[in-house]
Every structure is written in structure tokens, then in C-alpha cells.
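The values are calculated or read from the model by the stated rules, or taken from the named source; none is laboratory data. It should be emphasised that the depicted structure is a prediction, and the values quoted were computed from it without experimental measurement. Quick reminder, even Gly has a Cβ in these numbers, built from the backbone with ideal geometry, and neighbours come from all protein chains shown. Surface areas here come from the heavy atoms of the whole protein model, side chains and all, with no ligands, DNA or RNA. Shrake-Rupley method; radii C 1.70, N 1.55, O 1.52, S 1.80 Å.
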Amino acid sequence: MSSTDTTTSTVVTNIATLVTNDPSLGDGSPLGLVRDAAVVIEGDRVVWTGGASRAPATDHRVDAGGRAVLPGFVDSHSHLVFAGDRTEEFNARMSGRAYSAGGIRTTVAATRAASDGELEAGLVRYLAEALRQGTTTFETKSGYGLTVADEARALAIAARHTDEVTYLGAHIVPPDYAEDPAAYVDLVTGEMLEACAPHARWIDVFCEKGAFDGDQARAILTAGRARGLTPRIHANQLSYGPGVQLAVELDAASADHCTHLTDADVDALASGRTVATLLPGAEFSTRAAWPDARRLLDAGVTVALSTDCNPGSSFTSSVPFCVALAVRDMGMTPGEAVWSATAGGAAALRRDDVGRLAPGARADLLVLDAPSHVHLAYRPGVPLVSQVWRRGVRVV
């Protein structure tokens, strides 16, 4: 029988360290670590985890060779439907020019000019790149078209490759509406929303000076929610602002960036179920201040870690790189960073079938060419992901 037949079972055994993200299965820590472990897969699901010596009989056996096994990374924030290149902007910024939201306009022009085929080819390329580095679930957004037709086609393209599609018509006010931002908000909450909602699960807004203020963001997210989309929000990236508290007020799934937070912002996140999604690739690529993950974690906030892969401010698809940055510069332990890049990302997408390796979860896992998850931060920049399984099938 073929290994993809849903009636067959496979054990991945001889695992030095297994990250389950289920404390009841392992050492009692949030990572639920199991030493000398095995995972049993049937079809596209995990059906058993535990010590290798106790693994049940299966049709197939895969020897992990004393390596670590983790849940596949859940990248809950990316912008992958775009055209063009912003090398010159990056080069200038690294030579001393500050980043501002205005750079998005460059990508908007290139994206509008690109064909559907060109946009989809780019998306497929970046997804393959992310998969090789262990990302098995990803969210991606529109936001580089900013016309009804361009936003709708971006979402339709994205929806062919993931269920986690976000309508971000409110990325910036495009140049054609510079003199009448209110009219653009009307478009985003009206005709554009109607065209885009059928392709999306989420609605997002860039709530920031130079983009959309708190009142505009509330109107946009409220309209999206009325159309069946769940809010998420770009909040408090470049400055202090209303985004984080608005996210909690609207029960948004996540507030993303969270770089500039007041005590009231932290308290709000701790009191609600909105996840704080941290995106260290953006700070790395813009030489900005790092988010204080330690402050959030100590307050009891659920934290996710994601790439923010986009052509302007964080052109990386590597979750391992972001894990290393979070440990080095944001006050996270290696275990916290790995949890945030797996279970945290799942929480930011309100998913319980990914981001963990426990019975009933989707069989999305990665094998590191190392004995422990700690090596993701301990050996930064090294391509440690040696195997990736998605829905029970080895794809890398």
C-alpha cells in the first residue's frame, strides 16, 4: 500500500527529544517534552505519542536517528502576494534612512502591474522556501493591490494555497486617495469588502501614524466582522497608539508587532484572549527597537512568533531565524520561542489542530538535524530542518 494511504500507520521513532506542546504528555512543561520518544501517524493525524519503547505496532517505521522532532511551524503573519523588489529601499535604510509606511506604495505599483500568473508564481516560490525551513501552516494577506479588483485577485490567489487568508485592504491609503482618506475607508468597508470577503477568513488593518487611526481601524474591523471575517490588527509597531487596546476590545485574534506598549496595553492583552504576535524580522530589517517579549510573557500574555515575510520591512521566510532573534534580543528562552512559533502561532489563528503533536492533531512535524529544539537558537543561521511532514506525508 502507498505510504499516503489513510489506512496505513507509520511510527517515527528513535527521537531524542519530542516537542508535543502538551504538558500532559511529557515533562509537565509547556513544551511537553518527551525523551527517547516516538510519534505514530495514521492518515493525516497523530494517533499516539510517548516513549519509543512503548510505541504500538505500525505498518511503517521511520528512524529519526536520535534527532529532535517538533510540530511544524505556524507562521501566522505574512504578506506573500506581491510583485517587485525593494532592495534599493533596504540598502538606503541600512545606510541611515529611517523606515516609514510610505515604502509600501512601491510594492503597490509593482503588484498592480503584475499578472495573476506572476503573483501566484511568487507566492508558490516563497511557500516552498518556508516549507523547507519547517513552516507547515501559514497565514497570508492582501494589501498590495488597494483597488477592488487587485485586492480580490490577491485573495483568490492566496486562497488556492491556504485557508488562512486575510483581507488587508486597509494597509495604507493609496496615492489615488491621498486627498480623501475617508472615501478610501468607505471603499474598504463597502465595495472592496464585498468583493474580498468570499476569499478570506480574517480582516486586518495597519493602525499606525501614516496609515489608519483608531477610529478608522474600528470602522474597518467592525465592518469586516459584520461580513463574517474575524479581526486581526497591525498594532503599535512604529509608535504608541490605540491598536492593541482596540484589538482586545474587538476580541481580535491577534495584535501584531506590539513593539511600543504602555502598561495599560500589556494589561489589556493579559485580560483578553487576543494573542500578541511578535515579528522580530521587522525590527532586524529596520534597525528598530525590539519588542519586549519578556514583559508580555511575565504578564501572562499569549505570545506568537512569526516572520512578517514581506518585501519591504522583513523579507525573510525563516521561522528558525526569528526564533534565534527572539532568544537573543527579545528576552525569550529557547523553549518559549519554539512554543510561540508553533502553539502560539496556532493560537493566533484560533486553531487547535496544528502547532502541537498530540493525538488528534494534524500530523505536521519537522525533524531537526540536532538532538534538541534548543539548537534552533544555539546554532543560528544553520539549516537544521532535515525533514518536514505535512498532513502525514513527508514533503521535505
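Figures for the structure shown
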quantity: Fraction of accessible area attributable to carbon and sulfur, the chain (%, probe 1.4 Å); calculated: 50
quantity: Label-to-label distance, nm, for residues given as D176 and R328 (7 Å Cα→Cβ offset); calculated: 4.2
quantity: Among T49, T286, T262: highest mean-square fluctuation, GNM of the chain, C-alpha pairs under 10 Å; calculated: T262
quantity: Degrees separating the helix 104-113 axis from the principal Cα axis of the chain, which is the longest one; calculated: 90
quantity: T259 long-range amide H proximity, modeled H, under 5 Å; calculated: Q237
quantity: DSSP bridge pairs, the chain: antiparallel proportion in percent, nearest 5; calculated: 45
quantity: Full-extension gain in nm, S239 to D298, via 0.36 nm per residue minus C-alpha separation; calculated: 19.0 nm
quantity: Stretchable slack from Y378 to N91, in nm (0.36 nm times residue separation minus alpha-carbon distance); calculated: 100.5 nm
quantity: Surface/4 of the Cα convex hull for segment 222-342, nm²; calculated: 7.2
quantity: Residues of segment 250-396: accessible area per residue with a 1.4 Å probe, Å²; calculated: 33
quantity: For segment 1-158: accessible area per residue (Å², 1.4 Å); calculated: 40
quantity: Gap separating the Cα centres of segment 321-375 and segment 34-88, nearest whole Å; calculated: 10
quantity: In Hz, Karplus ³J(HN,Hα) per residue of segment 232-244 (6.51, -1.76, 1.60; θ = phi - 60°; x = Gly, Pro); calculated: 9, 8, 6, 10, 6, 7, 9, 6, 5, x, x, x, 5
quantity: Surrounding net charge for T136, when Lys and Arg each add one and Asp and Glu each subtract one, Cβ distance under 10 Å; calculated: +1
quantity: Cβ-based net charge around T49, under 14 Å, with every Lys or Arg adding one and every Asp or Glu removing one; calculated: 0
quantity: Option label - Rg and Dmax of the Cα atoms in Å computed here, alternatives (1) 26.4, 85; (2) 23.0, 74; (3) 20.7, 69; calculated: (3)
quantity: DSSP-defined beta bridges in segment 257-396 - what % are antiparallel, rounded to 5; calculated: 70
quantity: Proximal charge balance of P280 [Cβ under 14 Å; K/R count +1, D/E count -1]; calculated: -4
quantity: Using distinct alpha-carbon pairs, which all enter the 1/r mean, Kirkwood radius of segment 129-286 in Å; calculated: 15.8
quantity: Cut-off under 5 Å, modelled amide H: who pairs with L146 long-range; calculated: E151
quantity: Cβ-derived FRET efficiency at R0 56 Å, S24 paired with A113, nearest 0.05; calculated: 0.60
quantity: Ellipsoid equivalent to segment 140-204 - semi-axes via the Cα gyration tensor, in Å; calculated: 21, 10, 9
quantity: Cut-off under 5 Å, modelled amide H: who pairs with S386 long-range; calculated: V367, L368, D369
quantity: Stretch gain in nm, segment D163-A289, where the contour uses 0.36 nm per residue and the Cα spacing is subtracted; calculated: 42.1 nm
